[in-house]
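Only one structure is covered here, and it is reproduced in the block below.
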Protein chains: 2
Amino acid sequence: MSRFVNVALGQLGPIQRTDSRQQVVSRLCALMREAHALGAHLIVFPELALTTFFPRWYIEDEEDINSFFEREMPSAATQPLFDLARELGMGFYLGYAELAQEQGKAVRYNTSIIVNRQGEIIGKYRKVHLPGHAEHEPWRRFQHLEKRYFTPGNHFGVTPAFGGIFGMAICNDRRWAETYRAMGLQGVEMVLIGYNTPVHNAPAPQHDDLSLFQNQLSMQAGAYQNGTWVVGVAKAGLEEGVDSIGGSCIVAPSGEVVARCITKGDEVAIARCDLDFCAIYKRTTFNFDLHRRPEAYGLLVERKGETLAADGTAVGVLNAP
Amino acid sequence: MSRFVNVALGQLGPIQRTDSRQQVVSRLCALMREAHALGAHLIVFPELALTTFFPRWYIEDEEDINSFFEREMPSAATQPLFDLARELGMGFYLGYAELAQEQGKAVRYNTSIIVNRQGEIIGKYRKVHLPGHAEHEPWRRFQHLEKRYFTPGNHFGVTPAFGGIFGMAICNDRRWAETYRAMGLQGVEMVLIGYNTPVHNAPAPQHDDLSLFQNQLSMQAGAYQNGTWVVGVAKAGLEEGVDSIGGSCIVAPSGEVVARCITKGDEVAIARCDLDFCAIYKRTTFNFDLHRRPEAYGLLVERKGETLAADGTAVGVLNAP
């Protein structure tokens, strides 16, 4: 049996602060048309795909901050994307900053949605693993204030879509094995991920050269170890003076990369992905029912970080007698 | 600061059924001497390193089965290994089949130990993720009866050793992200892993070509995502008609492979591993205290396998409203 979904990477080059929503949406529409010409059923756009990556700035004015957020989806500015999806019969994944109203209070999320081939939102996700920091750290060449501007989500769900089970994650989520496993346990067959990843990581600059490698490694392992497709899409290139990695790619349930972008600008690449290819892994090596051992995994939820002894060393626990 | 441990891969070629313990131990001793000449503080041997990989056979006679197991460690046959460790001032990691006595009953484990530079056992581990099957499946070219012959362990511990925090895992454990994370949460700085991995996987033969790739991918991701060294060592080559992968390697906390065996026989390779190299990852990208979100990981312990709907499809759960 085969269940093919033709998935396009909709990689974006930089978005500068002065670029309007309309300009960005017209770039997204151009990518969608290109993907459609290649036979895509679905195009995946990056994290925070409607604006520049504003967490690089420490901003105090609330209205300035809110200017990067969407109060509704679709909005007048984003409606053309939904209209085009309906016209072409093509779905999309889109990341954006969401300003939600909860019990009369404004709450900010780093959000993504799946839109089906009828142009309807059928799944929404709010980023669980917010990286960076919450306070202004002027020693950094640029800030990474996601912990300041966003409230974290608390759940990895899955969505029936495109004839299979789809999951979503955003950027830093992809480095955490728990992300893929939580969705793997719900039978996920394709995980869609958008990211903005500066080449330079201020607290660990000695590893900047490895940024592309570690990006791909995390997605390959997540795919293989859960028998799922993984689609990772970058906002890449030099944005407001900060260089971000590209490396958008589609990873098969075998862990193999089957499609990849090669520029750091707006670029489409595509793969014909058979969702039934997941089963060979899910039924054998990663048959969770047969082989997982939750009784040995307690620490993963009982403990957030390392337990350290008074002298700063980790507390070792010997195993069998 | 630096805390260097010189770690040797002690890869083994095949062990045939007729090879005696004495013959095998003398091969292990030869590898240990070779590693010592290269300045090693520690040599890592494979899983079930004292005998042929007997789970490939369906054996009914209890005494035949027990002939592959160790009733004591060290024993007369393995004492030379401990003596040589003491003489050379070198530690080792060794996998073997353990016949334990628990409340007057014999219990069989797939076990490994860490021995320090004084020749003393300082840590013991019993394999948690037993792969394969429990019943005779004559349709297979060869059996993989680990679920029949072994009782699983239930715990990933760590052991203070060689100036750092060491962890152990065995073979199939290395494919499960939970293995590394459970030890990562205890501050592990080096995970030692032995394996026997047939090239041919009967239930999924279409992926036999990817066996080496997936072996390395799993260990690289486990290392990077926990900021730990990972040392994986094979029993490789053609053993009793079954070909097993080599690919023994040492992976840095960056995910990079820094040493690797290139044959499928007895072979030593070495790396000078700085345990302090872990900290840059443990304190930044993988600072668990700052960035993990156990509140979103509940499924990992609440659920063993996928929950399926009556029609066999996975149950999708939508996320945010």
Handout entry: Rel. contact order, % - alpha carbon contacts under 8 angstrom, at least six apart, chain A
Key = 20
Handout entry: Chains A and B, summed buried accessible surface - 1.4 Å probe, Å², nearest 100
Key = 7600
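Per-residue Cβ counts within 10 Å, from other chains only, averaged over A:198-207: what number is that? Mind showing how you got there, number by number?
Values: counts 0, 0, 0, 2, 1, 5, 6, 1, 3, 9.
The mean count of partner-chain Cβ atoms within 10 Å per residue comes to 3.
Given Cα pairs under 8 Å that are at least 6 residues apart, what percent is the relative contact order of the stretch A:45-202?
Rounded, it is 22 percent for the stretch A:45-202.
Measuring with a 1.4 Å probe in the full set of protein chains, what accessible area per residue, in whole Å², belongs to the protein assembly as shown?
That works out to 35 Å² per residue.
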Completion exercise
Once phi for every residue in the stretch A:148-154 is put through the Karplus expression 6.51 cos²θ - 1.76 cosθ + 1.60 (θ = phi - 60°), the whole-Hz ³J(HN,Hα) values, with Gly and Pro written as x, are 8, 8, 10, 8, x, x, 10
Exercise for the section: Put a label point 7 Å from Cα along the Cβ direction on B:Asp19, then list its distances to the equivalent points in the other copies in nm, shortest first. Expected result: 6.0
Practice task
Give the shape of chain B as rounded, prolate or oblate, defined through the alpha-carbon gyration tensor: a ≥ b ≥ c are the square roots of its eigenvalues, a/c under 1.5 means rounded, and otherwise the shape is prolate if a/b is larger than b/c and oblate if not.
Solution key: oblate
Exercise for the section: Calculate the mean, over all residues of peptide B:179-185, of how many other protein chain Cβ atoms lie within 10 angstrom of the residue's Cβ. Expected result: 5
Exercise for the section: Scan the stretch B:59-138 for GluC sites (Glu not before Pro) in coil per DSSP, keeping those whose Cβ has at most 15 other Cβ atoms within 10 Å, and list them by number. Expected result: B:Glu60, B:Glu72, B:Glu120, B:Glu135
Completion exercise
Spelling it out for A:Ala161: with amide H atoms placed in the peptide plane at 1.01 Å from N, the residues 5 or more places away or on another chain with amide H under 5 Å from its amide H are A:Phe166
Fill in the blank from the handout: homo-copy label distances at B:Asn154 (7 angstrom along Cα-Cβ), nm, one dp, ascending, are 3.0
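Are there trypsin sites (Lys or Arg not before Pro) in the stretch A:97-178 that DSSP marks as loop and that have at most 11 other Cβ atoms within 10 Å, and which are they?
When the trypsin sites (Lys or Arg not before Pro) of the stretch A:97-178 are filtered for loop state and at most 11 Cβ neighbours within 10 Å, A:Arg141 remain.
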Problem - Inter-copy spacing of B:Glu62 label points, which lie 7 Å from Cα along Cα→Cβ, given in nm from shortest upward - result: 7.5
Handout entry: Shielding by other protein chains, B:250-257, mean Cβ within 10 Å
Key = 3
Handout entry: Karplus-derived HN-Hα couplings along the stretch B:7-19 (A = 6.51, B = -1.76, C = 1.60, θ = phi - 60°), whole Hz, x at Gly and Pro
Key = 10, 9, 7, x, 5, 10, x, x, 10, 7, 4, 7, 5
Problem - For the protein assembly as shown: rounded, prolate or oblate by the Cα gyration tensor [a/c cutoff 1.5] - result: prolate
Practice task
Take the alpha carbon atoms of the stretch B:44-119, find their center, do the same for the stretch A:204-282, and report the distance between the two centers in whole angstrom.
Solution key: 42
Problem - Antiparallel DSSP beta bridges within the protein assembly as shown, percent to nearest 5 - result: 65
Completion exercise
Cα-Cα longer than 24 Å, checked against B:Lys127/B:Lys304; B:Lys147/B:Lys282; A:Lys282/B:Lys127; A:Lys147/A:Lys282, kept in input order, equals B:Lys147/B:Lys282; A:Lys147/A:Lys282
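The values are calculated or read from the model by the stated rules, or taken from the named source; none is laboratory data. Quick caveat: nothing in here was measured; it's all calculated off a predicted structure. Every residue, glycine among them, receives a Cβ derived from its backbone with ideal geometry; neighbour counts consider all protein chains shown. Surface accessibility is based on the protein's heavy atoms, side chains included, excluding ligands, DNA and RNA. Shrake-Rupley method; radii C 1.70, N 1.55, O 1.52, S 1.80 Å.
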